[in-house]
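Working notes, beginning with the structure itself.
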Amino acid sequence: MLSNIKPHYFVIVVFLSSFILDYLYKGSGLGDDLNVVLSVSSFIFGFYIILAVTRAKEKQDSIRRQLRLADGLFVSCNIEMKVFPEEIRKKFLKKVDNYLISTVDYKLSDIEKTSNSFYELYEYTTNSIKPNNDMQKNSIQRICEFLYELSNERTLLEVLSKNKSSKLEWGLIISLFITILFLILNLNISGVFGSLLIATLVSSLSSILLILYRYDNLAWQESRWVWEPLTRTFMLLGLKPYYGEYLIKQKRFKIPKGIDYRLAHYPNPYPNMEGKVVEEIEAK
């Protein structure tokens with residue numbers, strides 16, 4: 001749910017809500033003891049948030065590098081396949097297409113569900129393609145090396161995608177956030193300026209939590225680091241880009257104008273892909 005919230009809408013709603021709440025119901029102020037609690041809580045919260053965001057960002061950056069490496073390897077494989085007859089190239093490209101489609105159908109955290117399509121590609125390449133000359137033999141050897149490297153990267157990607165903050169960590173963060181929020185709303189700063197200041201603090205803290213949550217769930221700016229590069233990969237391979245309908249319904253990605261693409265409709269709850277219907281959509 002939080003992964004699909006538009007950040008600017010979220011900030012506006014939290015800001016207005018906290019402004020109205022503080023303006024209508026002024027706090028009684030904080031004594032020395034509660035001021036100490038606010039200072040200590042803010043320090044611990046800030047320190048832990050820095051660590052958590054840094055860790056989540058490093059995870060996302062690592063996954064992004066793995067995905068872009070995979071895209072580059074598939075493009076390189078397609079180039080190497082040019083020395084083979086058209087029929088073999090089409091079969092190989094179909095296997096690649098099936099694998100890329102599976103990465104769209106399943107969540108990144110469920111990458112293990114794409115294993116069948118990947119190993120079908122790997123098996124076809126290693127067992128079914130028979131080189132007839134040295135050029136083809138060298139090409140298929142390089143392709144096998146690419147796929148072997150990709151297999152290793154998939155293992156790392158699976159580990160990274162499942163590396164999330166624990167419930168205990170989230171419990172600590174939320175407890176500190178609620179403590180700070182309660183104390184901030186009890187500050188007695190008179191006038192409209194005081195309410196604006198309180199609202200700014202509350203919306204800033206809430207936005208930090210939202211950003212951390214989306215980083216942790218690989219949803220922060222996913223349009224730029226997942227869907228746009230994947231669209232380019234499909235097109236570089238001469239394939240129509242493929243999207244799941246959830247991207248449109250949840251407004252997670254705006255499909256580029258002027259391109260033909262495929263849109264998958266899923267009649268059953270995730271991850272059941274039975275009955276999936278793929279619609280061919282032409283550029284308008």
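For the chain, the longest principal axis of the Cα atoms and the long axis of helix 134-161 meet at an angle of about 20 degrees. With the cut-off at 34 Å, report for the chain the share of all Cα pairs above it, as a whole percent. Within the chain, distances greater than 34 Å cover 38 percent of Cα pairs. The convex hull built on the alpha-carbon positions of the range 84-180 has an orientation-averaged projected area of 8.1 nm².
Helix 191-216 sits at what angle to the longest principal axis of the chain, using alpha carbons and giving 0 to 90 degrees rounded to 10? Between the helix axis and the principal axis of the chain, the angle is about 30 degrees. When the inverse distances between all different Cα atoms of the range 1-151 are averaged and flipped, the Kirkwood radius reads 20.4 angstrom.
Surface composition of the chain: carbon and sulfur make up 60 percent of the accessible area, probe 1.4 Å.
Annotation for the range 171-189 versus the range 228-284: alpha-carbon center distance of 42 Å. Only Lys, Arg, Asp and Glu carry charge here, each on its Cβ (+1 for the first two, -1 for the last two); on that basis the range 197-283 has a dipole of about 220 debye about its Cα centre. Shown is the FRET efficiency for Glu112 and Val75, computed with R0 = 22 Å from the Cβ-Cβ distance and rounded to the nearest 0.05: 0.35.
Over 26 Å apart at the Cα level, from the set Lys57/Lys240; Lys113/Lys251; Lys249/Lys276; Lys107/Lys284; Lys107/Lys164, are Lys57/Lys240; Lys107/Lys284. Solvent-accessible area of Ile44, all protein chains in place: 80 Å² (probe radius 1.4 Å, heavy atoms, ligands and nucleic acids excluded). Projecting the Cα atoms of Ile180, Ile63, Met81 onto the charge dipole of the chain, computed from C-beta unit charges around the Cα centre, puts Met81 farthest toward the positive end. Counting only Cβ charges, +1 for Lys and Arg and -1 for Asp and Glu, the dipole size of the chain around its Cα centre is about 480 debye. For the range 103-205, trypsin sites (Lys or Arg not before Pro) meeting the loop criterion (DSSP other than H, G, I, E, B) and having at most 13 other Cβ atoms within 10 Å: Lys162. In the complete set of protein chains, residue-level accessible area for Asp105 is approximately 10 Å², probe 1.4 angstrom. Solvent exposure of the range 136-284, expressed per residue, is 55 Å² of accessible area, with all protein chains present and a 1.4 angstrom probe. Placing a pseudo-label 7 Å from each Cα along the Cα-to-Cβ vector at Tyr9 and Val53 gives an inter-label distance of 2.3 nm. Sorted largest first by accessible area at a 1.4 angstrom probe radius, with every protein chain in place, the residues Leu157, Leu187, Leu196, Leu236 fall in the order Leu236, Leu196, Leu187, Leu157.
Taking the helices alone, the chain has a mean residue ellipticity at 222 nm of -22000 deg cm²/dmol, built from -39,500 (n - 2.57) per DSSP H run of at least 4 residues and averaged over all its residues. Prolate is the label for the range 144-284. Its Cα gyration tensor axes, ordered a ≥ b ≥ c, give a/c of at least 1.5 and a/b above b/c. When only Cα pairs below 8 angstrom with a gap of at least 6 residues are kept, the chain shows a relative contact order of 31 percent. Between the Cα long axis of helix 7-24 and the first principal axis of the chain there is an angle of about 10°, rounded to the nearest 10. Of the residues Ser102, Ser166, ranked by 1.4 Å probe accessible area with the largest first, the sequence reads Ser166, Ser102. Listed by chain and number, the aspartates and glutamates whose C-alpha is less than 18 Å from the C-alpha of Lys91, apart from same-chain residues fewer than 8 away, are Glu80, Glu120, Glu123. The listed residues His265, His8 rank as His8, His265 when sorted by accessible area, largest first, using a 1.4 Å probe.
Below 14 angstrom from the Cβ of Ile184, what's the summed charge of the other residues (Lys, Arg +1; Asp, Glu -1)? Cβ neighbours under 14 Å give a net charge of 0.
The values are calculated or read from the model by the stated rules, or taken from the named source; none is laboratory data. Note that the structure is predicted; figures quoted are calculated from it, not measured. Backbone-built Cβ (ideal geometry, glycine too); neighbour counts: all protein chains shown. These accessible areas exclude ligands, DNA and RNA; they are computed on the full protein's heavy atoms, side chains included. Shrake-Rupley method; radii C 1.70, N 1.55, O 1.52, S 1.80 Å.
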